[in-house]
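> Mind having a look at this structure? Questions to follow.
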Amino acid sequence: MFDVCVVGHITKDVANTADGEIQMPGGTAYYTSIALKNLGMSVAVITKLRDQDTFLLSELEKKHIPVFLGESDRTTTFKNVYSDDTHTREQWVKDVAKPFSVHDASRCEARIFHLGPLMKDDIPLEVIRFLAGRAEISLDVQGFVRDVEERNRGWARVRPVAWQEKTAALSFVNLLKVNEEEARILSHERDLTDIAVELSKFGPEEVIITRGSNPSLVYANGESCEVPAYSPKKTVAVDPTGCGDTYMAGYLFYRQKSTKLDEVGKFAAMTTSLKLERDGPFRGNREDVRDFANAVGQPSP
């Protein structure tokens with residue numbers, strides 16, 4: 001049995017560089033699983049992509065992360081266009097892999113299933129219900145509040161939408177992670193603590209709200225704490241894609257070490273800051289996070 005099984009589509013992310021267009025792996029399943037593995041957890045991935053795109057799995061294979069691969073005639077393909085300060089992005093999608101089924105979900109056993117939908121139909125309610133009967137459910141909500149609008153040369157712009165199955169789905173969720181924009185889509189409240197309290201009433205015992213370079217909020221058991229965001233020691237310009245996934249990996253890892261919300265949140269935030277020191281997924285380890293904590297004057301985790 002694995003500590004964590006991440007369920008989500010590994011994507012083909014398209015980026016424009018000075019050398020032309022490049023393709024790279026992406027998606028919650030990619031960023032979260034590699035970070036969890038590097039932090040020391042046993043992790044597996046359930047994903048789907050077309051046969052011609054299995055090169056996207058090469059880093060997981062090198063890390064000896066087991067992949068339960070389902071069939072799909074398409075690979076989810078994204079293009080992220082960030083503002084100059086990287087605080088906002090415009091997102092486009094070209095193809096979307098087939099949704100996961102209960103059969104796909106039944107192929108792996110884990111203590112925690114971390115669900116990373118990237119589009120609204122990726123993980124049906126019946127799959128969430130099935131997995132909740134087997135283990136704890138951690139959910140990064142992002143894909144459930146996404147749909148598409150205008151199209152341009154095969155690409156469709158991603159836009160935010162309400163989550164129609166919110167009430168039913170959240171009743172099966174133990175840990176819920178949202179960013180600030182997603183939190184405001186899911187709730188009519190304005191104060192982030194009030195939003196966390198409201199969302200917890202649907203089922204999740206823990207609610208995590210990330211805010212990019214601003215402090216995040218963690219809520220559990222009637223208590224909330226604001227977690228500072230730490231500036232990377234190396235101030236180089238890197239692609240921030242996957243920061244939320246990295247935060248959640250740090251959170252899931254340190255949650256098994258401490259019951260103190262502030263400690264868990266700070267570890268997650270520091271792990272994210274280390275990810276921002278280089279492109280791609282978090283490739284450090286727990287010792288690197290400890291060194292970072294000492295450098296910023298925090299207790300060593």
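> Which of the residues belonging to the stretch 60-87 are more than 17 Å from Met24 (Cβ to Cβ), at pLDDT 95 or above and polar (S, T, N, Q)?
Ser72, the sole residue that qualifies.
> Quick check: anything in the stretch 149-169 of a type outside the set (Val, Ile, Thr), more than 30 Å from Gly280 (Cα to Cα) and buried (at least 22 other Cβ atoms within 10 Å of the Cβ)?
Yes, some residue in the stretch 149-169 is of a type outside the set (Val, Ile, Thr), more than 30 Å from Gly280 (Cα to Cα) and buried (at least 22 other Cβ atoms within 10 Å of the Cβ).
> Mind checking which residues of the stretch 211-228 are outside any strand (DSSP E or B) and either buried (at least 18 other Cβ atoms within 10 Å of the Cβ) or under 17 Å from the mean Cα position of the chain (by Cα) (or both)?
Gly212, Ser213
> Next up: Within the stretch 99-157, how many residues turn out to be of a type in the set (Asp, Glu) and more than 20 Å from Leu49 (Cβ to Cβ)?
Summing the residues that are of a type in the set (Asp, Glu) and more than 20 Å from Leu49 (Cβ to Cβ) in the stretch 99-157 gives 6.
> Which residue is nearest to Pro228 (Cα to Cα), if the candidates are limited to the stretch 287-301 and must be of a type in the set (Gly, Ala, Ser) and touching a residue at least 12 places away in the same chain (Cβ under 8 Å)?
Among residues in the stretch 287-301 that are of a type in the set (Gly, Ala, Ser) and touching a residue at least 12 places away in the same chain (Cβ under 8 Å), the one nearest to Pro228 (Cα to Cα) is Ala293.
> Scan Val227, Val296, Val289 and give me the residue that is closer than 23 Å to Ile34 by Cα and of a type in the set (Val, Ile, Thr).
Going through Val227, Val296, Val289 in turn, the sole match is Val289.
> Take the residues in the stretch 42-52 that are more than 12 Å from His64 (Cα to Cα) and in contact with a strand residue (DSSP E or B) (Cβ under 7 Å, 6 or more places away or on another chain); name whichever of them is surrounded by the most Cβ atoms within 10 Å (Cβ to Cβ).
Among those residues, the one meeting the criterion is Thr47.
> Please note which strands (runs of 3 or more DSSP E) are completely contained in the stretch 21-101 and include at least 3 residues that are within 18 Å of the chain's Cα centre (by Cα).
Once the strands (runs of 3 or more DSSP E) in the stretch 21-101 are filtered for at least 3 residues that are within 18 Å of the chain's Cα centre (by Cα), what remains is 43-48, 77-82, 89-93.
> To continue, here is another question. Taking Phe267 as the residue in question, decide whether it is under 22 Å from Cys5 (Cα atoms) and free of Cβ contacts under 8 Å to residues at least 40 places away in the same chain.
Yes.
> Assess whether Asp279 counts as being of a type outside the set (Lys, Arg), surrounded by 15 or more Cβ atoms within 10 Å (Cβ to Cβ) and not in a helix (DSSP H, G or I).
Judged against the criteria, Asp279 is a match.
> Can you pull out every residue in the stretch 157-210 that is over 22 Å from Val264 (Cβ atoms), assigned to a strand (DSSP E or B) and in contact (Cβ under 8 Å) with a residue 24 or more places away in the chain?
Scanning the stretch 157-210 gives Arg157, Val158, Pro160.
> Scan the stretch 187-207 and tell me whether some residue there is surrounded by 18 or more Cβ atoms within 10 Å (Cβ to Cβ), within 15 Å of the chain's Cα centre (by Cα), aliphatic (A, V, I, L, M) and within 18 Å of Ile128 (Cβ to Cβ).
Within the stretch 187-207, one or more residues are surrounded by 18 or more Cβ atoms within 10 Å (Cβ to Cβ), within 15 Å of the chain's Cα centre (by Cα), aliphatic (A, V, I, L, M) and within 18 Å of Ile128 (Cβ to Cβ).
> Exactly one condition in (1) touching a Leu at 6+ places or on another chain (Cβ under 8 Å); (2) free of Cβ contacts under 8 Å to residues at least 24 places away in the same chain; (3) among the acidic types (Asp, Glu) is false for Glu150; which is it?
If we test Glu150 against (1) touching a Leu at 6+ places or on another chain (Cβ under 8 Å); (2) free of Cβ contacts under 8 Å to residues at least 24 places away in the same chain; (3) among the acidic types (Asp, Glu), just (1) comes out false.
> For residues that are more than 14 Å from Lys177 (Cβ to Cβ) and surrounded by 24 or more Cβ atoms within 10 Å (Cβ to Cβ), tally how many sit in the stretch 254-270.
Summing the residues that are more than 14 Å from Lys177 (Cβ to Cβ) and surrounded by 24 or more Cβ atoms within 10 Å (Cβ to Cβ) in the stretch 254-270 gives 3.
> Take the stretch 108-122 and flag every residue that is buried (at least 24 other Cβ atoms within 10 Å of the Cβ), aliphatic (A, V, I, L, M) and farther than 18 Å from Phe2 by Cβ.
Leu118 - this is the single residue of the stretch 108-122 that is buried (at least 24 other Cβ atoms within 10 Å of the Cβ), aliphatic (A, V, I, L, M) and farther than 18 Å from Phe2 by Cβ.
The values are calculated or read from the model by the stated rules, or taken from the named source; none is laboratory data. This structure is a prediction, so every number in the text was calculated from the model and none was measured. Positions of Cβ are generated from backbone atoms using ideal geometry, with glycine treated the same way; all protein chains shown enter the neighbour counts.
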